[in-house]
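See below for the structure under consideration.
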Amino acid sequence: MPIMNADTRHPVTITLNGRSRTGHAHPRMLLSDFLRHELGAHGTRVGCEHGVCGACTVRIDGVAQRTCLTLAVQADGRRVDTVEGLAPEGRMTALQEAFRRHHALQCGFCTAGILMSLSDYLERVPRPTEGELRDMLSGHLCRCTGYAGIVRAVMDVTGASTEVADV
Amino acid sequence: MKPAAFDYLRPASVAEALAALARGGEDARVVAGGQSLMPMLNMRLVQPRLLVDLSRLEELRRLDSRDGWLEVGAAVTQSELMARSTLAEEVPLLAAALPWVGHFQTRNRGTVCGSVAHADPSAEIPLCLVALRGQVLLRSARARRAVPAESFFLGPLTTVKAADEIIEAVRFPLRGSGTGYAFREVAMRHGDFAITACAAVADAHVLRLAVGGVADRPTARDWPFLFGAAMDEALNAFAWDLGGDDDQHATAAYRRTLVRGVGRAVIEEALSCR
Ligand code: FES
Ligand code: FES
């Protein structure tokens, strides 16, 4: 493959939530910006833009990872799943319903990233312990909820009990 | 918080990557998982002219054990290594340390070799490589060479790797019979950089303790068997020799306390699981 020039916008095609989408990106463009500004998929949030907060997490070829630490050109030809694809028929998933029931979000800025992490993680670890779940959540910063509602929502969906009292 | 402009190459082969690096010189950088390099690009701490992406090279996805080593290719992610079902028997120290490397989301993309190339003094994978006396396999368009872990790291973010070389793979020695291993670290929160991390290896003759997060690179020391006060003295001397500094996370004195306490704990654990 030839070198992609820094000053040129290059075509990038991804399968976004099951649909083939093409946009253009300079090599330095982050995947987070490509999704939001080039493809208009605003569900993915951008917080810190250096890999700390987890707000920008999506699934690339099924694997949850941070889009602010991925270049758009690196995602070329890949499958990218974002929060918009979780509920294709406009009906929320069981996990999303549980988030609502348990007040697992307030401002919602962190929520898309957490849901995308969980959608990968729970396929690998269908019934995590609370400790395992909190380990996984350590890759996300939520400044509103204190995580208690998030833990309760997940434990509710997986059928596990939790130490966190309902408030 | 956006990277400065650079050219980008997704080579079709390792040979093509190496040729590009040979031409690019100091202005070219290698990216695989990008979990260390991308934050530095976003903050413009590094501004390469050319980025060479190794992440899709099948040749670098090798992950197998042979001739007494577990060899991990440059494109293998930390999650992929963690998911290897035989890892706890092959390299128990790595199996114990990997859950401490970053977070689920960063391990999913971050590579084992990338962590070694980045050479953060507090990073877990370089620490394990030094503790176990692993090797770094370097390759350029000119030559290949295998560098012992202990001579690979020179200081914070500094290694003997030349600009035109890539880490093709790293090698961890397979578990030795009658050998025990243990790993522990202390960090502000799970997934944060370690304030101090300790890895111990104990066989019938030698105790080996490697410490990360204190000196400017992961550092190991060997002792013949030690007990009681002799062990305390040895650990205390090692803690002082590591020469840690005060920083925003901890004082040098606290780090010495951790080397003495956590160091002793991992040594005892390694001895008990031989
Ligand atoms: S915006 Fe990507 S981790 Fe914070
Ligand atoms: S709901 Fe506001 S940051 Fe998590």
- Query: If you go through the stretch A:110-133 one residue at a time, how many are within 14 Å of ligand 2 (Cβ to nearest atom) and either more than 14 Å from chain B (Cβ to nearest Cβ) or open to solvent by 80 Å² or more (accessible area, probe 1.4 Å) (or both)?
  - Reply: 1
- Message: On the basis of being within 16 Å of ligand 2 (Cβ to nearest atom) and either in the same structural domain as A:A153 (by TED's automatic domain parsing) or of a type outside the set (F, W, Y) (or both), does A:V80 make the cut?
- Response: no
- Query: If you go through the stretch B:99-110, how many residues are of a type in the set (A, V, I, L, M, F, W, C) and either buried (at least 24 other Cβ atoms within 10 Å of the Cβ) or more than 12 Å from chain A (Cβ to nearest Cβ) (or both)?
  - Reply: 1
- Mind checking which strands (runs of 3 or more DSSP E) fall wholly inside the stretch A:1-109 and carry at least 1 residues that are facing another protein chain (nearest Cβ under 10 Å) and without any contact (Cβ under 8 Å) to a residue 40 or more places away in the chain? A:57-60, A:63-66
- Picking from B:R189, B:R171, B:R139, the residue that is modelled with pLDDT of 95 or more and more than 25 Å from B:L51 (Cβ to Cβ) would be B:R171
- Does A:A87 fit the bill of being away from ligand 1 (no atom under 16 Å from the Cβ), at pLDDT below 95 and open to solvent by less than 40 Å² (accessible area, probe 1.4 Å)? yes
- Item | From the options A:T44, A:T13, A:T22, A:T8, residue that is over 13 Å from the mean Cα position of the chain (by Cα) and under 18 Å from B:K2 (Cα atoms) | A:T8
- Task: Could you tell me which of the residues B:L98, B:L50, B:L87, B:L57 is within 15 Å of the chain's Cα centre (by Cα) and modelled with pLDDT of 95 or more?
- Result: B:L98
- Query: For B:A270, are the conditions met, namely being within 17 Å of B:C128 (Cα to Cα), modelled with pLDDT of 95 or more, of a type in the set (A, V, I, L, M) and not in a helix (DSSP H, G or I)?
  - Reply: no
- Task: Would you check if B:A162 is in a helix (DSSP H, G or I) and surrounded by fewer than 24 Cβ atoms within 10 Å (Cβ to Cβ)?
- Result: no
- Item | Output for the stretch A:134-156, where each listed residue is more than 16 Å from ligand 2 (Cβ to nearest atom) and either farther than 25 Å from A:E84 by Cβ or crowded, with 20+ Cβ neighbours inside 10 Å (or both) | A:D135, A:M155
- Message: Return the residues of the stretch A:12-25 that are at negative phi and either outside the structural domain of A:E38 (by TED's automatic domain parsing) or open to solvent by less than 70 Å² (accessible area, probe 1.4 Å) (or both); say none if nothing qualifies.
- Response: A:V12, A:T13, A:I14, A:T15, A:L16, A:R21, A:G23, A:A25
- Among all residue pairs at least 6 apart or on different chains, which show Cβ distances below 6 Å where the first residue, located in the stretch B:47-75, is closer than 19 Å to B:A149 by Cβ and the second is buried (at least 18 other Cβ atoms within 10 Å of the Cβ) and modelled with pLDDT under 95? none
- Task: Please state which of the following conditions B:S85 fails to meet, knowing it meets all the rest: (1) assigned to a loop (DSSP other than H, G, I, E, B); (2) closer than 24 Å to B:V31 by Cβ; (3) within 14 Å of chain A (Cβ to nearest Cβ).
- Result: (2)
- Task: Would you check which residues across the stretch B:173-216 are crowded, with 22+ Cβ neighbours inside 10 Å and either hydroxyl-bearing (S, T, Y) or part of a loop (DSSP other than H, G, I, E, B) (or both) and list them?
- Result: B:Y181, B:T196, B:G213, B:V214
- What's the number of the condition B:M231 fails, among (1) crowded, with 16+ Cβ neighbours inside 10 Å; (2) free of Cβ contacts under 8 Å to residues at least 60 places away in the same chain; (3) touching a strand residue (DSSP E or B) at 6+ places or on another chain (Cβ under 7 Å)? (3)
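The values are calculated or read from the model by the stated rules, or taken from the named source; none is laboratory data. Computed from a predicted structure; not experimentally measured. FYI the Cβ positions are ideal-geometry reconstructions off the backbone, even for glycines, and counts take in every protein chain you see. Areas reflect the complete protein model, heavy atoms only, side chains present, ligands, DNA and RNA absent. Shrake-Rupley method; radii C 1.70, N 1.55, O 1.52, S 1.80 Å.
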